[in-house]
Structure formats: structure tokens, C-alpha cells
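To start, the structure under review is shown below, and the notes come after it.
A short reminder: the numbers here are calculations on the coordinates, not readings from a lab. Every value quoted in this text rests on a predicted model; they were computed, and no experiment measured them. Counting neighbours? That spans all protein chains shown, and the Cβs are built from the backbone with ideal geometry, glycine included.
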Amino acid sequence: MDSDSIQFELLFDAETYHRSGKCPWTFFAYPTSLATDRDLPPDEDACHLLAKIQKRGIRVAVWVSRISENTTFFACRMEDIQRVKDALTEIDVGEQRATDFFINRSKELFATIKDRPNPRIISTLQNPPTPTDHSAI
């Protein structure tokens with residue numbers, strides 16, 4: 001696991017952010033039941049990408065959310081959505097863009113568990129809402 005490159009002290013608290021009335025923007029989802037002891041996905045590439053986004057100065061979170069059962073997210077604050085979108089289109093993982101990697105890896109990880117996520121989770125990752133659209137989450 002490439003969790004050593006993640007700066008845990010720089011992660012923001014997405015649950016507190018959400019309770020304050022702001023909706024964290026999610027860009028990766030995985031089953032909480034598969035998470036490591038630090039709530040990370042069991043996927044080195046996903047952890048490496050999170051660290052790459054952090055290195056761009058973007059505050060991100062690993063959000064064990066109550067909005068969807070058995071689902072943990074990588075998320076950012078509303079004001080950082082465009083910066084995350086830009087980073088995801090600029091970073092490659094093998095033969096695919098980071099955006100496609102996160103969508104595909106979410107599907108793969110959820111396919112390994114018995115209880116599938118709400119289909120809206122994967123749909124939201126494929127067609128993210130605009131910064132003012134909170135209806136998808």
C-alpha cells in the first residue's frame with residue numbers, strides 16, 4: 001500500500017464539513033468493508049493518486065460517509081472541485097486518465113463484495129454534479 005505518501009495530517013474532516021451544511025464533492029468510492037485500518041482502499045494506485053492530488057496543494061478527505069451504507073469516498077471541498085477535476089484530467093494511470101481509473105476501480109472494488117452500492121454512487125462518479133448541484137449525493 002502506498003499510504004506512506006499520503007499526508008494524513010493534511011486531510012480535512014469531510015463529516016464536519018458536511019454537518020456544517022456544505023457537501024463534500026466525491027471523486028472515488030469504495031466499500032468501507034474493504035478499507036485498511038487507516039480507512040484507505042485496498043489499492044496502491046488509488047492511494048498513490050490521492051497523494052498526487054495532495055501534492056498539488058488540494059485539501060482532500062477520506063470520508064467514511066453516512067450518506068451511503070458501506071461506502072467510503074475520496075472527497076474535496078466545494079471550492080476545490082475545479083482543481084480536482086483539472087488534476088484528474090492531467091494525471092495518467094497506465095493507459096487511462098485518473099478520472100477513468102477511479103470510475104473503473106470503484107466498479108471493480110464494489111464487484112468484489114456481496115452487497116452492491118446504490119447505483120447512484122457509480123452514476124455520480126461518472127456524471128459528477130456541478131458545484132451547485134447537491135441532488136446527486
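Tabulated values for the structure
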quantity: Residue satisfying all of: in the range 36-47; without any contact (Cβ under 8 Å) to a residue 60 or more places away in the chain and surrounded by fewer than 17 Cβ atoms within 10 Å (Cβ to Cβ); farthest from residue 99 (Cα to Cα) among these; calculated: 37
quantity: Some residue of the range 16-32 being surrounded by fewer than 17 Cβ atoms within 10 Å (Cβ to Cβ), on the phi > 0 side of the Ramachandran plot and free of Cβ contacts under 8 Å to residues at least 12 places away in the same chain; calculated: yes
quantity: Pairs where the first residue, in the range 76-91, is over 12 Å from residue 23 (Cα atoms) and the second is in a helix (DSSP H, G or I), C-beta under 6 Å, 6+ apart; calculated: 87/53; 88/98; 88/99; 91/52; 91/98
quantity: Sole exception among (1) outside any strand (DSSP E or B); (2) out of contact with any Lys or Arg (no Cβ under 8 Å at 6 or more places or on another chain); (3) closer than 19 Å to residue 9 by Cα; (4) of a type outside the set (Phe, Trp, Tyr) for residue 72, by number; calculated: (1)
quantity: Count - residues of the range 52-72 that are aliphatic (A, V, I, L, M), within 23 Å of residue 94 (Cα to Cα) and surrounded by fewer than 16 Cβ atoms within 10 Å (Cβ to Cβ); calculated: 0
quantity: Residue count for the range 43-69, restricted to those that are not small (Gly, Ala, Ser) and not in a helix (DSSP H, G or I); calculated: 11
